[in-house]
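Okay, so here's the structure we're looking at.
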Amino acid sequence: MTAEERRAELVELYKEVQACTKCPLYETRSKAVFGAGDADAEVMFVGEAPGADEDRQGLPFVGRAGQLLNQLLEGIGLSREDVFIANVLKSRPPGNRDPQPGEIEACKPYLFEQVRLIEPRVVCTLGNFATKLLSGNPAGITRVRGTPQLRELGARTVFLLPLFHPAAGLRTPAVKETLREDIKLLPGLIEGPPPGAMEGEVEEPEEEPASEQPPERPADQLDFFG
């Protein structure tokens, strides 16, 4: 598709998300949070779900953790206008609780369609829920963070870069520094060979036992955007 055709389909997808009633979250949300940024971005960030501020404004990453992400992007010569930010859920879970399986299933087609239409080279997953969904691997974020993976998303091969959630960086200085170092991988992934040329050259993480529990996430993870 041409860029104009992709943008037109994104507009239709946006309208569909705004009117979505596929799970009970539509009854308690103020606004659906579709996502925001460059519709032709080479980098896409995927978080967990909207928080209170996002629910009110209908925009992602508008709180303190979003400000941290902005600073991290500036540190590598990017801005939020250069990327596209979305999340697994498009509606805020009450009380910022974890997404439930049925809610993830209802929203998953929207996210995969966003990836297909935006055609990013790199998809950065923030935290456990986005990483496990898009990688198809139950390995927790602590184990796989900072290691690029090759994944087939939206009918194309992309680099998937798991990152700690910025909200965790606000709580723990060591996590913030790890996130700052991991995000420095982005320029190389953007400027280097395309993902399709890297088949077999990127090490894939081993699956961990299903019984292993993921690291506990910060209680305020959704205060800005999943």
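Reported value for the stretch 140-188: 86 Å³ per residue, from the convex hull of its C-alpha atoms. Each principal axis of the Cα cloud of the chain was evaluated for its coordinate range; sorted largest first, these ranges are 45, 43, 35 Å. Full extension of the segment from ALA3 to GLU74, taken as 0.36 nm per residue of separation minus the current Cα-Cα distance, would add 22.9 nm. Note on TYR26 and ALA52: their simple-model spin labels are 2.6 nm apart, each label 7 Å out from Cα toward Cβ. If you sort MET44, MET1 by accessible surface, 1.4 Å probe, largest first, the order is MET1, MET44. When the pairs LYS31/LYS184; LYS90/LYS132; LYS22/LYS132; LYS108/LYS184 are compared against a 25 Å limit on Cα-Cα distance, LYS31/LYS184; LYS108/LYS184 fall above it. About the centre of its Cα atoms, the stretch 43-89 shows a dipole size close to 60 debye [charges on the beta carbon of Lys, Arg (+1) and Asp, Glu (-1) only; nearest 20 debye].
Which residues among the stretch 21-56 fall inside the zone where the amide N is under 16 Å from a point 7 Å beyond the Cα of GLU81, along Cα→Cβ? Backbone N within reach: 36-42. Per-residue extension of 0.36 nm, minus the Cα-Cα distance of VAL11 and THR172, leaves a gain of 54.1 nm for this segment. Where both bridge residues fall in the chain, DSSP classifies roughly 35% of the beta bridges as antiparallel. The modelled label-to-label distance for the pair ALA19/ILE190, using points 7 Å beyond Cα in the direction of Cβ, is 3.6 nm. Basic side chains Lys and Arg get +1 at the Cβ, acidic Asp and Glu get -1 at the Cβ, and with that the dipole of the chain about its Cα centre reaches some 660 debye.
Take the Cα radius of gyration of the stretch 21-134 and divide it by 2.2 N^0.38 Å, N being the number of residues; the result is 1.00.
Using the Cα coordinates of the stretch 1-87, the gyration tensor eigenvalues translate into equivalent-ellipsoid semi-axes of 23, 20, 8 Å, sorted from longest to shortest. Based on DSSP H segments of at least four residues, each scored -39500 (n - 2.57), the chain has a per-residue ellipticity at 222 nm of -11000 deg cm²/dmol. The portion of the accessible surface of the stretch 1-94 made up by carbon and sulfur, rounded to a whole percent, is 47 (1.4 Å probe; DNA, RNA and ligands excluded). Ranking GLN18, THR147, LEU111 by Cα position along the charge dipole of the chain, where only Lys, Arg, Asp and Glu carry charges on their C-beta atoms, puts GLN18 farthest toward the positive end.
The values are calculated or read from the model by the stated rules, or taken from the named source; none is laboratory data. The model shown is predicted, which means the values in this text are computed figures rather than measured ones. Neighbour counts are summed over all protein chains in view; Cβ atoms, including those assigned to glycine, are modelled from backbone coordinates with ideal geometry. Areas reflect the complete protein model, heavy atoms only, side chains present, ligands, DNA and RNA absent. Shrake-Rupley method; radii C 1.70, N 1.55, O 1.52, S 1.80 Å.
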